[in-house]
Amino acid sequence: MSDYDGIREREEGKKKMPLGMTVLFMGLIICGLVYMYLFMPQTTGWSQAGRYEAKVKAREAAVTGQPKADVHPETEHQQMVLAERGKEVYAAECAVCHGANLEGGIGPALKGPKFKYGATLKDHARIIAKGTQNGMPGFAQLGAEKIQSVAAYIHTSHQH
């Protein structure tokens, strides 16, 4: 025991942290790491600036009456033809996880209007080809034409 100003303290329990505090501290560390992994742009691909730019483009298109940036009027017919071909490929390759009508199942629903990895035709094609870190495998083996057709099917089917 030490003696300082007449106050005596015990030495036994001074160096130990109480069990409840240790559990709370470790829990906060784990929650912080999980939060950082799930919500950082490097892991999800989402960014506030990207979302803002997409909203600005959509608003400009709505105000000017022009179609959205990734739908081109001169190729709209071609995109519909691609979507028809993509429906067949989707039924064979994707419906197992994402449902026959894009309603979801093992994988998320693909009806939109919000997509975690982007809502443009290029974003759909990129995700189909490369997959995601959250469980979707890449399907680059399908080839560029089939990937584009499935992306067109998803893009023309979702609710803007």
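The values are calculated or read from the model by the stated rules, or taken from the named source; none is laboratory data. Quick caveat: nothing in here was measured; it's all calculated off a predicted structure. A quick note on method: Cβ atoms are made from the backbone with ideal geometry, for glycine too, and the neighbour counts reach across all protein chains shown. Side chains are part of the model used for accessible areas, which takes the heavy atoms of the whole protein and leaves out ligands, DNA and RNA. Shrake-Rupley method; radii C 1.70, N 1.55, O 1.52, S 1.80 Å.
Overview of results
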{"quantity": "Count of region 127-138 residues which are without any contact (Cβ under 8 Å) to a residue 40 or more places away in the chain and either out of contact with any Phe, Trp or Tyr (no Cβ under 8 Å at 6 or more places or on another chain) or among the small types (Gly, Ala, Ser) (or both)", "calculated": "8"}
{"quantity": "Verdict on residue 133 being among the polar types (S, T, N, Q), in a loop (DSSP other than H, G, I, E, B) and open to solvent by 50 Å² or more (accessible area, probe 1.4 Å)", "calculated": "yes"}
{"quantity": "Qualifying positions in region 104-122 - part of a helix (DSSP H, G or I) and surrounded by 19 or more Cβ atoms within 10 Å (Cβ to Cβ)", "calculated": "121"}
{"quantity": "Filter result (open to solvent by 30 Å² or more (accessible area, probe 1.4 Å), among the small types (Gly, Ala, Ser) and either under 20 Å from residue 100 (Cα atoms) or in contact with a Phe, Trp or Tyr (Cβ under 6 Å, 6 or more places away or on another chain) (or both)) within region 139-160", "calculated": "157"}
{"quantity": "Residues of region 72-103 classified as in a loop (DSSP other than H, G, I, E, B) and either closer than 16 Å to residue 139 by Cα or at pLDDT 80 or above (or both), total", "calculated": "6"}
{"quantity": "Region 1-20 - residue that is in a strand (DSSP E or B) and open to solvent by 100 Å² or more (accessible area, probe 1.4 Å) and, of those, modelled with the highest pLDDT", "calculated": "7"}
{"quantity": "Looking only at region 85-126, and only at residues there that are over 24 Å from residue 49 (Cα atoms) and touching a residue at least 60 places away in the same chain (Cβ under 8 Å), the one that is nearest to the chain's Cα centre (by Cα)", "calculated": "90"}
{"quantity": "Unique residue being at pLDDT 80 or above and more than 28 Å from residue 134 (Cα to Cα) when the list is 34, 63, 23", "calculated": "23"}
